[in-house]
Amino acid sequence: MLDVSTQSVETAAPRRGVVRRVAIVASLTLVLVAVAASLYMVRTVDSQLADIAKTYEIRRQASELMLAVVDAETGQRGYLITRDEAYLEPYNIAVGNLSQTYQSLLALISDNPTQLSRLEALVPDLDAKRAEMARTIELMSSGQNAEALALLRSDTGLELMERIRSVVRQVIGEEDDKLIERNSRMEFYRQLLVATILAALAAAAILTYALLSRTQRKVVALAQQQNRLRTANEELEAHVRERTAAVEEARGHAERERARLETLLQDTNHRIGNSLATVSSLLGLQLARTASDEVRNALEAAQLRVQAIASGHRRLRLGPDLETTDAAEFLTDVIDDLAAAMPPDKAVTFEKHLEPMIIPARDATTLGIVVSELVTNALKHAFAEGQAGTVHIRFERGEDGVIALSVEDDGRGIASHSGQEGLGALIVKQLARQFGGSEPEYRAREGGGTAITVKLPRLDLSAASS
């Protein structure tokens, strides 16, 4: 039951939309038709007004023609009765106006064959009437009074006047009929124009109502859509706030876990360093109890190497990713530890030239051991007891793009150097191979001393960068 009613509503809505569109189109069409009809009515009314004005002008000219004939006859009779030439002046004026009025009337009715034939038939009578009046005046002027009065008393002039009046009445009568007909048409067109205007107003009212209704529905629909969007926006903002809070909570948890892991790693490195320091102390105790020089040298070398490894673990500071470290900072700390552990009789200073590089933390301790071996070798073999000097440690990328570690001293030189074939040199060689390096390069330094360079082409900087 619910499905049927819902379907009825869904089908009724499109029908109402179609009906509204049809009503709008019909109203607009009716408005356009009414406007076109109004324009046509206006033009028709203008034409009818022009025809009516022309009819009145024809009637006036016909009356003027008849009046001119009457005025001429009046002047003629006045002169014949009184012999006063003052009556000849209106006679002459009327005769002069007669031709002009006739031509004007003829021009007005030139498009009406019936009226035109009437006027053309009137020409002989007008000419005869003018001739009759002119003859009587001529006879009276020449002293032939009896002949003039006899001609006046004859029925010739009367008959001519009757025929002229009859034609003029016919002309005016036809124009009166036309005037009545045109007035009737004017009334019809006026009523039709009023009806057209009323229809246009009704159509405009219907169209306005339809447009207002449609606009109102659109406004309501837009308001509803805006409310839905506002509600959806509020829900989305609430969801975003919830997700943001969850992300912040997860981030805080991750930061805490990272801090805990970093602390754990640092603590582990320190524990390893402390354990190695304990081993170094035990080696020192054993060294103090040993009388053999060979054993003492071996224990002393082992103690130094254990101290180097312990220093590397204690000095290792992990980066934000807990997998990398700054090589320059790390090596600086390792070299400082070596300087602090240097015997008091060694007046040697260290010059560090370390290029900042991010390297994997797993390679840092190995790199620290190599530096420790090379620096210890320089301290042991380059300077005599109490001799002052300088050791230069360089860690940088060469022109060929390969990272190189070099240790230079200004001591006795490579000729007196006996550490090239010892255990330290072997350790450096083995560790350098882990980074793709070859044999360490030994060379005499200008101005005295020895320079040892170890190439490290496979030091994994790319992994550290990623």
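The values are calculated or read from the model by the stated rules, or taken from the named source; none is laboratory data. For clarity, every value in this text was computed on a predicted model and none was experimentally measured. Cβ coordinates were reconstructed from backbone atoms using ideal geometry, including for glycine residues, and neighbour counts include every protein chain displayed.
Yes/no per residue for (1) under 30 Å from ALA26 (Cβ atoms); (2) exposed (fewer than 13 other Cβ atoms within 10 Å of the Cβ); (3) without any contact (Cβ under 8 Å) to a residue 40 or more places away in the chain:
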| position | (1), (2), (3) |
| --- | --- |
| PHE188 | yes, yes, yes |
| ALA200 | yes, no, no |
| ALA203 | yes, no, no |
| THR208 | yes, yes, yes |
| LEU211 | yes, no, no |
| THR215 | yes, yes, yes |
| LEU229 | no, yes, yes |
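Quick check: anything in segment 384-394 in a helix (DSSP H, G or I), of a type outside the set (Asp, Glu) and modelled with pLDDT under 85? Checking segment 384-394: not a single residue is in a helix (DSSP H, G or I), of a type outside the set (Asp, Glu) and modelled with pLDDT under 85. Being at pLDDT 85 or above, farther than 24 Å from ILE452 by Cβ and among the aliphatic types (A, V, I, L, M) is a property that does not hold for ILE369. Touching a strand residue (DSSP E or B) at 6+ places or on another chain (Cβ under 8 Å), at pLDDT below 85, more than 24 Å from ILE309 (Cβ to Cβ) and in the same structural domain as LEU456 (by TED's automatic domain parsing): is that true of GLY413 in this structure? It is true that GLY413 is touching a strand residue (DSSP E or B) at 6+ places or on another chain (Cβ under 8 Å), at pLDDT below 85, more than 24 Å from ILE309 (Cβ to Cβ) and in the same structural domain as LEU456 (by TED's automatic domain parsing). In segment 437-457, the qualifying residues are those that are modelled with pLDDT of 80 or more, not in a strand (DSSP E or B) and not charged (D, E, K, R), and the one that is surrounded by the most Cβ atoms within 10 Å (Cβ to Cβ) is LEU456. Evaluated against (1) farther than 30 Å from VAL31 by Cα; (2) under 39 Å from the mean Cα position of the chain (by Cα), ALA148 falls short on exactly one condition, (2).
Comparison of ASP46, ASP111, ASP71, ASP51 shows that the only residue that is in a helix (DSSP H, G or I) and at pLDDT 85 or above is ASP71. The residue list THR366, THR349, THR325 contains one member that is touching a residue at least 40 places away in the same chain (Cβ under 8 Å), out of contact with any Asp or Glu (no Cβ under 8 Å at 6 or more places or on another chain) and in a strand (DSSP E or B), which is THR349. In segment 140-154, is there at least one residue being basic (Lys, Arg) and surrounded by 12 or more Cβ atoms within 10 Å (Cβ to Cβ)? So far as segment 140-154 goes, no, none of its residues is basic (Lys, Arg) and surrounded by 12 or more Cβ atoms within 10 Å (Cβ to Cβ). Here segment 174-228 is the region considered, the condition is being over 30 Å from ILE52 (Cα atoms) and of a type in the set (Lys, Arg), and the residue that is modelled with the highest pLDDT is ARG228.
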